[in-house]
Amino acid sequence: MDAVVTPHPALWIALILGAVGFGVALVAILVSRRSLEPVFGAVGLGAFACAAWAFGEISVAYDRFDVLLWALGFGIAAFAGGYALASTLLASIAARPRKMVAPHALPADKGSCAVILLGDVDPDTYDERWTAADLEKLAEEGLLHVSIAILPFLFFAQKARYRAVGGTSPAARQLEYIAERVGDRVKGSRIDHVDAAWLGGARDLAVRVLRLAERGYRTITVAEVMIAGSLELDEAKRRVDSLRLDELGVEIRYASSLWGAERIASLVCERVLSVVDDAETTGVVLVGIGQPEERAGTCRSFDEHETAFLNRVRLLLVDRGVDADKVRLAWADWHGPDVTSTVRHVAALGCTRMVIAPACFPLDTVETMLELPLSVRQARIEEGISLVSLTAWHDDPALVDELSERAIASSGTDSDPA
């Protein structure tokens, strides 16, 4: 007579809960910032140990091969369910721009002006909340189509990008240093404060504008430290408009983007020429940022302004003796031609030296520090060709002077900076 097998529901519950927990912990490890990885790693190991223990106890308690198959199937399904659940919930951690509400009254007018330098910068360090927000936006625009199985690995890829550049993006610090330099430059005018703001994140433009208004500034000038206005810039301006500070007597003025500044075009040209030995045998690749084709209809000016600026730099280089056929435009993202194919094409024209200039990048980003050099290396050109990759502009005196003059002009004062 066959022995009656006594069911052990607690073991099955432990198996399922452990497998679900392991799936959730794996997503958390892929997504979370580095400081939290050990915590979720410990949780994942504990969950896996629980599932493994329950599986072993089930094998002893039932001693039947078909039950082992059922237990294995339940464990795999529970793990997949936990992974899918956690991956689905990633959208809920996306950071949202803070809802700013203007006060009913502001302090007395300081009688002076403030300037905000606005840059499109990466967060200082990897932040899963802003990565989730970026991915969500791309998905809403139809630019990203990934399954929930792949989604956590996109977070991991972004985290790996930050690790590859030392864990920190320098763009925010560089923007703040430029603000300090401009602040020194405009002394003697009505401007007595220069701040830095981002297109999103902790120092969003709307946040900085409201803080300055609460300090008593009635004229606030926003100077864009970027070549062309993007869709993100338009959204940042709308968040400022929603504050309705004009009803409280605060005037927000916007200086134009830098695409039309001859001084900035000359800045890029001189940076390229500073590493050119023989203009006739040197090739130049001017790199723009680019935007998705799907955005072109909504923000057509971005492409027009970037292209116009790059062509202005190209003409300046040609006027200084660089062969026109050996000066080509490329885009870091979305657009074609890309950097890799352009480098290959220019190298085939018989250059002995090539200069790759991130012409539309005022600040160093993860992209300029990691992906742009990688795109150049992937071209695999002949060893006899010397490659020179330039950095971003940083606090070049020409940029500081241009921003200072624009700030003074937009602030409505004729005073000369000290």
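Can you find, within the stretch 220-245, the residue that is farthest from residue 303 (Cα to Cα) among those that are under 26 Å from the mean Cα position of the chain (by Cα) and part of a loop (DSSP other than H, G, I, E, B)?
243
Evaluate the following for residue 166: is it among the small types (Gly, Ala, Ser), within 26 Å of residue 360 (Cβ to Cβ), surrounded by fewer than 18 Cβ atoms within 10 Å (Cβ to Cβ) and free of Cβ contacts under 8 Å to residues at least 40 places away in the same chain?
yes
Going residue by residue through the stretch 322-332, is there one that turns out to be part of a helix (DSSP H, G or I), assigned by TED's automatic domain parsing to the domain that holds residue 271, in contact with a Lys or Arg (Cβ under 6 Å, 6 or more places away or on another chain) and surrounded by 21 or more Cβ atoms within 10 Å (Cβ to Cβ)?
no
Taking into account only those residues within the stretch 1-22 that are at pLDDT 90 or above and not hydrophobic (A, V, I, L, M, F, W, C), which is nearest to the chain's Cα centre (by Cα)?
21
Give me a count of the residues in the stretch 274-302 that are part of a loop (DSSP other than H, G, I, E, B) and touching a helix residue (DSSP H, G or I) at 6+ places or on another chain (Cβ under 7 Å).
4
Please state which of the following conditions residue 349 fails to meet, knowing it meets all the rest: (1) surrounded by fewer than 16 Cβ atoms within 10 Å (Cβ to Cβ); (2) in contact with a strand residue (DSSP E or B) (Cβ under 8 Å, 6 or more places away or on another chain); (3) outside any loop (DSSP other than H, G, I, E, B).
(3)
Report, by residue number, each residue of the stretch 312-338 that is farther than 19 Å from residue 276 by Cβ and in contact (Cβ under 8 Å) with a residue 12 or more places away in the chain.
Of everything in the stretch 312-338, those that are farther than 19 Å from residue 276 by Cβ and in contact (Cβ under 8 Å) with a residue 12 or more places away in the chain turn out to be 331, 332, 333, 334, 335, 338.
Hey, does the stretch 207-217 have a residue that's surrounded by fewer than 16 Cβ atoms within 10 Å (Cβ to Cβ), of a type outside the set (Val, Ile, Thr) and closer than 28 Å to residue 374 by Cβ?
No: zero hits.
Scan 319, 338 and give me the residue that is of a type in the set (Asp, Glu), surrounded by fewer than 22 Cβ atoms within 10 Å (Cβ to Cβ), modelled with pLDDT of 90 or more and more than 29 Å from the chain's Cα centre (by Cα).
Exactly one residue qualifies, and that residue is 319.
Which members of the stretch 223-249 meet the condition of being in contact with a Lys or Arg (Cβ under 7 Å, 6 or more places away or on another chain) and crowded, with 21+ Cβ neighbours inside 10 Å?
The answer is 223, and nothing else.
I'm checking my understanding of the structure. Among residues of the stretch 292-309 that are modelled with pLDDT of 80 or more and hydroxyl-bearing (Ser, Thr, Tyr), which one is farthest from residue 233 (Cα to Cα)?
307
What number of residues within the stretch 201-222 are in contact with a Phe, Trp or Tyr (Cβ under 8 Å, 6 or more places away or on another chain) and either charged (D, E, K, R) or at pLDDT 90 or above (or both)?
4
Return the pairs, sorted by first residue and then second, in which the second residue is at pLDDT 90 or above and not in a helix (DSSP H, G or I), the first residue lies in the stretch 339-362 and is at positive phi, the beta carbons are less than 9 Å apart, and the residues are 6+ apart or on different chains.
What qualifies is 350/283.
Within the stretch 246-259, can you find the residues that are assigned to a helix (DSSP H, G or I) and modelled with pLDDT of 90 or more?
258, 259
The values are calculated or read from the model by the stated rules, or taken from the named source; none is laboratory data. Not measured: the values here are computed from a predicted model. As a convention, Cβ positions derive from the backbone with ideal geometry for all residues, glycine included, and neighbour counts pool all protein chains shown.
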